[in-house]
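Have a look at the structure below, then the notes.
No lab work stands behind these numbers, since they all come straight from the coordinates. On a predicted model such as this, the values are computed, not experimentally measured, just so you know. Note that each Cβ is placed from the backbone with ideal geometry, even for glycine, and that neighbours are counted across all protein chains shown.
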Amino acid sequence: MELKIFITFLLLLLLFLFSIFLLFGGKKYPDRLPPGSLGLPVIGQSLDLLKALKADKVDKWFQEGITKHGPIWKASLFGYPTVVLHGPTANKFIYTCDGNILTNSQPPSISRIMGSNNLFELAGHDHKRVRAAVALFLKLEVLKQYVMKVDEEIQHHLQMHWHGNHEIQVQPLIKTLTFNVICSLLFGIERGPRRDKLLPHFQDMIEGILAIPINLPFTQFNRGILARKNLVPMLIDLIREKREALEEQKQHANPHKDLITSLLSIRNDDGSTTMSDEEIIDNIILVMIAGYDTTSILLTFLVRLLANNESVYSTIVREQEEIAKSKAPGEALTWEDLTKMKYTWRVASEMLRINSPVILSFRRATQDIEYGGFIIPKGWQVVLSSSMTHMNNDIFENPTMFDPTRFEKHSPQPPPFSFVPFGGGPRMCPGIELAKMETLVMMHRLVTQFTWELIKKDESFKRNPMPEFDQGLFVRITPIKSNIYVI
Ligand code: HEM
């Protein structure tokens with residue numbers, strides 16, 4: 001115990017000295033640094049930003065900085081001297097800058113839980129290689145064949161957790177749903193004890209990633225590290241089984257059976273696997289974390305919207321009823337059906353504009369970089385508020401108004417890098433098609449099987465950094481009797 005306290009103290013001291021060292025790095029260009037104040041080393045303005053996140057007022061926090069210092073300014077955030085950016089030009093710069101000059105910067109505490117080989121940590125050639133392997137399974141042509149599987153998971157979820165209940169907490173339930181979809185589709189783990197054993201470990205890991213990184217017994221961070229330790233042997237077993245299945249089936253094997261099988265099937269010219277087992281493990285964990293909270297938040301916001309906005313609700317119901325009419329009761333949805341849900345996806349896009357799940361991106365300069373007439377010194381962090389463009393009146397007229405017609409085919413397109421809920425460039429989210437598929441299928445099943453109302457009309461949420469509703473979004477649900485069938 002004493003040793004752990006000593007190590008934590010030592011780490012904080014090292015971080016303090018490191019940030020002082022970086023500050024001196026910045027002194028090389030005293031006249032070329034952006035305006036602003038670095039405040040106290042290590043702490044700087046971190047607490048202010050965390051407070052703004054909790055109140056969902058990050059835009060306001062950025063706006064205050066811009067009013068005070070101009071469009072590019074410096075601050076000290078999470079232990080690093082930082083240059084703070086926003087706007088379409090900044091989005092383009094961050095998303096398309098050479099990954100060897102501006103790397104992804106996750107705090108070391110995060111890679112302790114997520115592993116050092118995950119895509120967020122990789123740069124240059126390694127990022128390209130691993131990303132190509134992961135994206136191969138997540139691309140539309142492959143995912144198209146799995147609409148039925150996603151639909152089956154969703155229908156089972158509704159049967160188990162929604163039907164038979166009068167009141168439910170939407171957000172935690174939908175998180176379990178996105179976990180189950182990823183387990184089935186990406187890991188090939190079907191319902192049963194194995195999946196049930198994984199869920200608490202994943203939840204502990206996610207809480208550990210979001211926690212203050214103090215590794216003492218009973219801290220959330222410590223639980224996250226332990227969860228990874230428990231999870232890795234389970235994933236090793238899973239990989240071994242899938243490898244054996246692949247070898248047994250040889251030419252009859254379907255390399256796109258699930259993401260893990262797909263990663264094991266990709267070979268170099270000499271027959272060796274493209275990815276090591278360590279890389280596969282770290283990226284399975286990443287995909288689960290990246291796909292779990294994000295899609296579930298979008299769906300939770302949509303459930304809230306439909307309870308509050310009669311006009312959007314009735315237009316979605318009309319679109320979905322039309323599709324339902326063409327199918328037998330209980331018949332699975334197909335890719336064709338999803339292509340008809342155009343209005344529903346426009347509503348989801350407008351929701352992503354107004355309430356982007358990911359609002360900040362973090363990078364680190366690996367060399368002195370010139371940007372906007374200033375120098376970003378080597379080692380400094382760059383923080384981008386990418387979604388600020390979504391609320392820019394010059395780009396989206398009347399930006400606080402919820403208006404899905406903005407995304408109609410004939411409406412003027414927003415300029416490049418100004419609508420970026422999925423990021424952009426070589427690190428753009430590879431999970432878009434899966435997120436879209438889950439959202440459309442779930443909306444179809446929800447509006448054709450239930451009506452609902454919010455129990456607490458003004459239930460608020462805080463960002464942690466992902467939006468979390470205070471009571472998980474409590475709703476009262478009523479099944480639509482004519483559409484009840486057991487799958
Ligand atoms: C509504 C749902 C989603 C949203 C809004 C979202 C958003 C994002 C954003 C903004 C990034 C880029 C971050 C940056 O550049 O700093 C990203 C990256 C990523 N996302 Fe998503 N995501 C969603 C769903 C998913 C799903 C379902 C998966 C997986 C199945 C996924 C996997 C990933 C991965 C692996 C990366 C890292 C890519 C790389 O670094 O090359 N995401 N996502």
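Numbers at a glance
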| item | result |
| --- | --- |
| With Cα atoms, 0 to 90° folded angle of helix 220-249 axis to the chain main axis | 50 |
| Alpha-carbon radius of gyration plus Dmax, which is the widest Cα pair, for the chain in Å | 23.3, 72 |
| Using alpha-carbon coordinates, inclination of helix 2-26 to the longest axis of the chain, degrees | 70 |
| Coil-residue trypsin sites (Lys or Arg not before Pro) of segment 362-450, DSSP, other Cβ within 10 Å capped at 11 | Lys409 |
| Segment 22-168: Cα Rg divided by the 2.2 N^0.38 Å rule of thumb | 1.47 |
| Rounded, prolate or oblate (a/c below 1.5 giving rounded, otherwise prolate when a/b exceeds b/c) for segment 235-394 by Cα gyration tensor | oblate |
| Under DSSP loop assignment and at most 12 Cβ neighbours within 10 Å, longest chymotrypsin sites (Phe, Trp or Tyr not before Pro)-free interval of the chain | 219-484 |
| Computed [θ] at 222 nm, deg cm²/dmol, the chain (DSSP H ≥ 4; -39,500 (n - 2.57); rounded to nearest 500) | -16500 deg cm²/dmol |
| Globularity index of segment 144-266, i.e. its alpha-carbon radius of gyration over 2.2 N^0.38 Å | 1.24 |
| Gain on full stretching of the segment that runs from Lys457 to Lys54 - 0.36 nm per residue minus C-alpha separation | 143.1 nm |
| Qualifying GluC sites (Glu not before Pro) in segment 110-212, DSSP loop, other Cβ atoms within 10 Å at most 14 | Glu190 |
| For Phe187, distant residues with modelled amide H under 5 Å away | Leu259 |
| Sequence-separation-based contact order of the chain, relative, with Cα cut under 8 Å and 6+ spacing, percent | 24 |
| Percentage relative contact order, segment 115-190, counting C-alpha pairs under 8 Å, at least six apart | 24 |
| Total lysine pairs whose alpha carbons fall under 27 Å of each other in segment 292-392 (8 or more apart, or interchain) | 4 |
| 20 °C / 1.002 mPa s Stokes-Einstein diffusion coefficient of segment 391-480, Kirkwood radius on C-alpha pairs, µm²/s | 129 |
| For segment 28-113, alpha-carbon Rg and Dmax in angstrom | 13.9, 40 |
| With Cα atoms, 0 to 90° folded angle of helix 170-185 axis to the chain main axis | 80 |
| Distance between segment 28-63 and segment 178-230 - C-alpha centres, whole angstrom | 31 |
| Residue-by-residue Karplus 3J(HN,Hα) for segment 122-136, coefficients 6.51, -1.76, 1.60, Hz, glycine and proline x | 8, 9, x, 4, 5, 4, 4, 5, 5, 4, 4, 5, 5, 5, 4 |
| Loop-located GluC sites (Glu not before Pro) in segment 381-465, at most 14 other Cβ atoms within 10 Å (DSSP) | Glu397, Glu408 |
| Percent RCO, i.e. relative contact order, over segment 210-267, from Cα pairs under 8 Å lying at least 6 residues apart | 19 |
| Global size of segment 416-464 as Cα Rg and Dmax, reported in angstrom | 15.8, 42 |
| Pairs from Lys144/Lys197; Lys51/Lys456; Lys54/Lys128; Lys28/Lys54 whose Cα-Cα separation, in the structure shown, is over 31 Å | Lys54/Lys128; Lys28/Lys54 |
